[in-house]
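Undergrad: Shown below is the structure under consideration.
The values are calculated or read from the model by the stated rules, or taken from the named source; none is laboratory data. Owing to the predicted nature of the structure, the values given are computational and were not obtained by experimental measurement. As a convention, Cβ positions derive from the backbone with ideal geometry for all residues, glycine included, and neighbour counts pool all protein chains shown. The area values use the complete protein model at the heavy-atom level, side chains included, leaving out ligands, DNA and RNA. Shrake-Rupley method; radii C 1.70, N 1.55, O 1.52, S 1.80 Å.
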Amino acid sequence: MSSKLDPKKEYGDRLRQRRDKAARCAKGDSRFANARLLVFAVLLALMLAAYFYPQVSWAWLWVPVLVFVGLMVAHGRLLREKERCESAIDHYEAALARLDGRWVGHGKPGADLAPPDHLYANDLDLFGPGSLFELLCMAKTREGERALAAWLCDPAPLETIHARQEAVEELRNRLDLREDLALLGGHVRKGVEPHALRNWSSAPAVLSPRPPVTAWLLPAAAVITLGFLIKTGIGAPFFIVLAIELVYSRLHKKRLHEVMESVQEPSRELRVLAEALHRLEQEHFTTSLLAGLRNTLRQEGREASRAIARLDRLTDLHEMQHNIIFGPIAFVLLWGEHVAHAIERWRLRFGRHVPEWLDALGELEALCSLSAYAFEHPNDPFPEFAETGPRYEGKGLGHPLLPESTCVRNDVRLGEGLQLMLISGSNMSGKSTLLRTVGVNAVLAHAGAPVRAERLTLSPLQLGASLRTQDSLWQGTSRFYAELLRLKQMIEAAQGPSPLLFLLDELLHGTNSHDRRIGADALLKALVESGAIGLATTHDLAVTHVVDRLDGHATNVHFTDKLVNEKLEFDYKLKPGVVTEGNALKLMRNLGLPI
C-alpha cells in the first residue's frame with residue numbers, strides 16, 4: 001500500500017508553487033518585452049548611424065539582430081512555461097474544489113456518453129451535472145472519457161478488477177504524472193480527432209510500400225545524362241529523360257496527391273499525440289496492467305513517439321519539394337513519389353498500432369481518474385470480492401457524491417440466504433438515497449475504484465435499477481409502462497451468468513393498491529427465485545407483507561422521521577421492521593395546504 005498523503009496539503013502546496021512560478025513568468029514576460037523594445041531601438045539607432053556616418057559598419061547590425069532573435073526564442077519559451085503554469089493552476093484549483101465539495105457544474109458531465117436505455121446509468125446519476133462521471137473524470141482526451149464511461153457502465157471481470165485496483169494503487173501518489181497528462185491531454189483533445197485518425201490508420205493502401213523500379217531508374221538516368229550534358233555539352237538525352245519524368249509524374253499525380261492529402265491532418269494530430277505518449281514512455285511501472293500499457297507504446301522495436309517523429313520527418317521532406325531552390329532538384333529525383341511511398345510504408349508498418357496507442361492513452365487517463373479519487377479519499381478502501389455469491393455486505397456505506405460532513409452511513413447485508421431488503425418509510429427519509437448508495441458503490445467496485453464505505457465485500461454482480469423511469473411522449477409510453485419495460489429487462493438479466501443486484505424504488509407505484517400488491521408479490525418472488533439480490537422501497541404498507549411469503553429470504557427495514565418544533569427532522573438511519581407512520585400529511589400541513 002502507498003503511504004497516505006494529505007491531499008488538501010499536497011494540492012495547496014502545489015497550487016502555491018504554480019502561482020509563484022506564474023507570477024515570476026509574468027514579470028519575466030514584461031522584462032523580455034522591454035528588452036526586445038530596447039534592442040529594436042538600438043537596431044534602429046545603428047541603422048541611422050551606419051547611414052549617416054560611414055565609419056560605422058553595417059556589419060554591426062548583426063549584433064542587435066542576433067540578440068533580438070535570441071530574445072524572441074527565450075521569450076517564447078517563457079510564454080509557454082507561463083501557459084503551462086496557468087493550466088496547472090486550473091488543474092489544482094479544480095482538485096481543491098472537489099475536496100471542498102464545490103465540483104458540481106465545473107467538471108465534465110459526460111451526458112453525451114450515457115448509453116440509451118441502460119439498466120442503471122440514468123437511475124444512479126452516472127452522467128450529467130453533479131454525476132459520478134463529473135466527480136471522477138480527469139481525462140482530457142476523448143478516448144480517456146470514453147474509457148472511463150465504459151468502465152462505469154460495464155462491470156469488469158474479476159481478474160480485470162484486481163488488475164485495475166493494483167494499477168490505481170500504484171498511481172495513487174503520482175501527482176506529477178496526473179498533472180502532466182492533464183496539461184498535455186488538453187492539447188490532444190483540441191488537436192486530435194480519434195475517429196478520423198483511426199480511419200486513416202486502417203484505410204486500404206493507395207500505393208505499394210516500395211516505389212516501382214521506374215521511380216529509381218528515371219532519377220538515375222537523369223543524373224547520368226546531366227553529367228553527360230555538363231561534360232560534352234550535349235543536352236538531348238537529359239531533356240528526353242526530363243520529358244519522360246514529366247509524363248510519369250502526370251500519370252502518378254492523382255495517387256500521390258491522395259496519399260499526401262490524406263496524411264496532412266493525421267500527421268499533425270499524431271504530432272500532438274506524441275507529446276502525451278512521450279510522457280508516458282518516461283514512466284516505469286511495476287503492476288501488470290500499467291506495464292502492459294507501457295509496452296503497448298513500443299511496437300516494431302520503436303517507441304510510439306519516435307515512430308511518430310519519423311512520420312513528421314517524412315511530411316517535412318515532402319514540403320521541401322515546394323522550396324523554390326530545391327524544387328527543380330526534387331522534380332529530377334522524383335522526390336515526391338519516394339516520400340509518398342515512404343509514408344505508405346510507415347502507415348502499413350505502424351498504422352495498425354495507432355488505435356492501440358489511442359486506447360492505451362485513454363485507459364491510462366481513466367486509471368489516473370480513479371487514482372485521483374483514491375488519493376483524494378484516502379479513507380475509502382478497495383472492496384473485497386468473493387468468488388461465490390450472490391453477496392453484497394457493506395459496513396458504513398455512504399454516497400460518494402455527498403460531502404463527508406453530511407453523508408450519513410448505513411450497513412447493508414445481502415447474501416447467505418437473505419436476498420431482499422424491503423424498505424418502507426416516509427417521504428424524504430433516505431430510501432432512494434440508500435438505493436443509489438448501494439448501486440453507485442457497486443459501480444465503483446466493478447470499475448476497479450475504491451468505495452465509500454468502511455468495508456465492502458461483494459461477489460461479481462450484474463446491476464439493474466428502476467429509480468427514475470420516465471414517460472416518453474414520442475414513444476407513447478407512460479411512466480408506469482416504462483417501469484414495466486425496465487422490470488422486464490431486469491427479469492431477463494437475472495437469468496444471465498452473473499447474479500443480479502436489483503434496486504427498485506417505489507415498486508409499481510403507478511397503479512392501484514390491489515394490482516400493486518399482487519404485481520409486487522410476483523415480481524419480487526421471481527427475482528428472488530432467480531438468485532438475484534437487491535433492495536426495493538415502497539410507500540404501500542400492504543406490499544411489505546410480501547416478506548412473509550418469501551420463506552426467510554427477505555426482511556423489512558425502514559426509515560423514519562420526527563416532528564420537532566413543527567419541523568420534520570430525519571436521521572437517515574436504517575432500522576429493522578416496517579415503518580409505523582408516514583409524513584405526507586405533516587408535509588402538506590407544513591406547506592399550508594388545507595389538511
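Undergrad: Counting only residues that are assigned to a helix (DSSP H, G or I) and of a type in the set (G, A, S), which one in the stretch 418-449 is most open to solvent (accessible area, probe 1.4 Å)?
TA: We begin by selecting, within the stretch 418-449, every residue assigned to a helix (DSSP H, G or I); these are 431-447.
Still in the running and of a type in the set (G, A, S): 432, 439, 442, 445, 447.
On the way: S432: 35, G439: 0, A442: 4, A445: 0, A447: 2 Å².
Selected residue: S432.
Undergrad: OK, next. Restricting to the stretch 287-319, and then to whatever is of a type in the set (D, E) and not in a helix (DSSP H, G or I), can you tell me which residue is nearest to W216 (Cα to Cα)?
TA: Here is the first cut: in the stretch 287-319, the residues of a type in the set (D, E) are 300, 303, 312, 316, 319.
With the extra rule that they be not in a helix (DSSP H, G or I), the set shrinks to 300, 303.
Numbers: E300: 27, E303: 31 Å.
This residue is E300.
Undergrad: Which condition does D515 not pass, out of (1) modelled with pLDDT of 85 or more; (2) open to solvent by 50 Å² or more (accessible area, probe 1.4 Å), if it passes all the others?
TA: (1)
Undergrad: Looking only at residues in the stretch 403-417 that are open to solvent by less than 10 Å² (accessible area, probe 1.4 Å) and over 30 Å from K567 (Cα atoms), which one is modelled with the lowest pLDDT?
TA: Narrowing the stretch 403-417 to residues open to solvent by less than 10 Å² (accessible area, probe 1.4 Å): 412, 414-415.
When the remaining residues are screened for being over 30 Å from K567 (Cα atoms), the result is 414-415.
Numbers: L414: 96, G415: 90.
Among those that are open to solvent by less than 10 Å² (accessible area, probe 1.4 Å) and over 30 Å from K567 (Cα atoms), it is G415.
Undergrad: Right, another one. One residue is enough: does the stretch 385-400 have a residue meeting the conditions open to solvent by 10 Å² or more (accessible area, probe 1.4 Å) and in a helix (DSSP H, G or I)?
TA: There is no residue in the stretch 385-400 that is open to solvent by 10 Å² or more (accessible area, probe 1.4 Å) and in a helix (DSSP H, G or I).
Undergrad: Take the residues in the stretch 531-546 that are surrounded by fewer than 18 Cβ atoms within 10 Å (Cβ to Cβ) and not acidic (D, E); name whichever of them is nearest to L504 (Cα to Cα).
TA: Only one residue fits best here, namely H539.
Undergrad: If you go through the stretch 459-487, how many residues are open to solvent by 30 Å² or more (accessible area, probe 1.4 Å) and modelled with pLDDT of 90 or more?
TA: Here the count works out to 2.
Undergrad: Please verify whether the stretch 61-78 includes one or more residues that are in contact (Cβ under 8 Å) with a residue 24 or more places away in the chain and surrounded by fewer than 15 Cβ atoms within 10 Å (Cβ to Cβ). Can you show your working first?
TA: Going residue by residue through the stretch 61-78, those that are in contact (Cβ under 8 Å) with a residue 24 or more places away in the chain are 64, 67-68, 71-72, 74-75, 78.
With surrounded by fewer than 15 Cβ atoms within 10 Å (Cβ to Cβ) added as a condition, the list becomes 72, 74.
Looking through the stretch 61-78, at least one residue is in contact (Cβ under 8 Å) with a residue 24 or more places away in the chain and surrounded by fewer than 15 Cβ atoms within 10 Å (Cβ to Cβ).
Undergrad: Out of the residues in the stretch 140-166 that are of a type outside the set (S, T, Y) and not in a helix (DSSP H, G or I), state the one that is surrounded by the most Cβ atoms within 10 Å (Cβ to Cβ).
TA: Filtering the stretch 140-166 for residues of a type outside the set (S, T, Y) gives 140, 142-159, 161-166.
Cutting the leftovers down to not in a helix (DSSP H, G or I) gives us 140, 154-157.
Values: K140: 24, D154: 11, P155: 20, A156: 17, P157: 11.
Among those residues, the one meeting the criterion is K140.
Undergrad: Out of the residues in the stretch 268-289 that are aliphatic (A, V, I, L, M) and within 18 Å of L184 (Cβ to Cβ), which is surrounded by the fewest Cβ atoms within 10 Å (Cβ to Cβ)?
TA: Keep residues of the stretch 268-289 that are aliphatic (A, V, I, L, M), which gives 270, 272-274, 276-277, 280, 289.
With the extra rule that they be within 18 Å of L184 (Cβ to Cβ), the set shrinks to 270, 272-274, 276-277, 280.
Numbers: L270: 27, V272: 16, L273: 27, A274: 23, A276: 26, L277: 23, L280: 24.
Within the stretch 268-289, the match that is surrounded by the fewest Cβ atoms within 10 Å (Cβ to Cβ) is V272.
Undergrad: So how many residues does the stretch 362-383 have that are out of contact with any Gly (no Cβ under 7 Å at 6 or more places or on another chain) and assigned to a helix (DSSP H, G or I)? Give the derivation first.
TA: Initial filter on the stretch 362-383 (out of contact with any Gly (no Cβ under 7 Å at 6 or more places or on another chain)): 363-364, 367-369, 371-383.
From what's left, assigned to a helix (DSSP H, G or I): 363-364, 367-369, 371-376.
Residues meeting the conditions: 11.
Undergrad: Does at least one position in the stretch 122-139 carry a residue that is surrounded by 21 or more Cβ atoms within 10 Å (Cβ to Cβ), hydrophobic (A, V, I, L, M, F, W, C), in contact with a His (Cβ under 9 Å, 6 or more places away or on another chain) and within 14 Å of G362 (Cα to Cα)?
TA: Scanning the stretch 122-139 turns up at least one residue that is surrounded by 21 or more Cβ atoms within 10 Å (Cβ to Cβ), hydrophobic (A, V, I, L, M, F, W, C), in contact with a His (Cβ under 9 Å, 6 or more places away or on another chain) and within 14 Å of G362 (Cα to Cα).
Undergrad: I'd like the full set of residues that are open to solvent by 50 Å² or more (accessible area, probe 1.4 Å) and under 26 Å from C85 (Cα atoms), limited to the stretch 34-54.
TA: N34, R36, L37, listed by residue number.
Undergrad: Moving on to the next point. Which condition breaks for R452 when tested against (1) at pLDDT below 90; (2) open to solvent by less than 70 Å² (accessible area, probe 1.4 Å); (3) among the charged types (D, E, K, R)?
TA: The one condition R452 does not meet is (1).
Undergrad: Could you please let me know if H322 is part of a loop (DSSP other than H, G, I, E, B) and either open to solvent by 60 Å² or more (accessible area, probe 1.4 Å) or under 30 Å from L226 (Cα atoms) (or both)? Reasoning before the result, please.
TA: Working: part of a loop (DSSP other than H, G, I, E, B): yes; either open to solvent by 60 Å² or more (accessible area, probe 1.4 Å) or under 30 Å from L226 (Cα atoms) (or both): yes.
For H322, the condition - part of a loop (DSSP other than H, G, I, E, B) and either open to solvent by 60 Å² or more (accessible area, probe 1.4 Å) or under 30 Å from L226 (Cα atoms) (or both) - is met.
Undergrad: Pairs under 9 Å by beta carbon, first residue open to solvent by less than 40 Å² (accessible area, probe 1.4 Å) in the stretch 187-204, partner part of a loop (DSSP other than H, G, I, E, B) and not basic (K, R), six or more apart or different chains?
TA: Here the result reads V188/T141; V192/T141; P194/T141, each pair linking the stretch 187-204 to a residue that is part of a loop (DSSP other than H, G, I, E, B) and not basic (K, R).
Undergrad: Among the residues of the stretch 80-108, which ones are over 20 Å from T406 (Cα atoms) and without any contact (Cβ under 8 Å) to a residue 12 or more places away in the chain?
TA: Those that are over 20 Å from T406 (Cα atoms) and without any contact (Cβ under 8 Å) to a residue 12 or more places away in the chain: R80, E83, D90.
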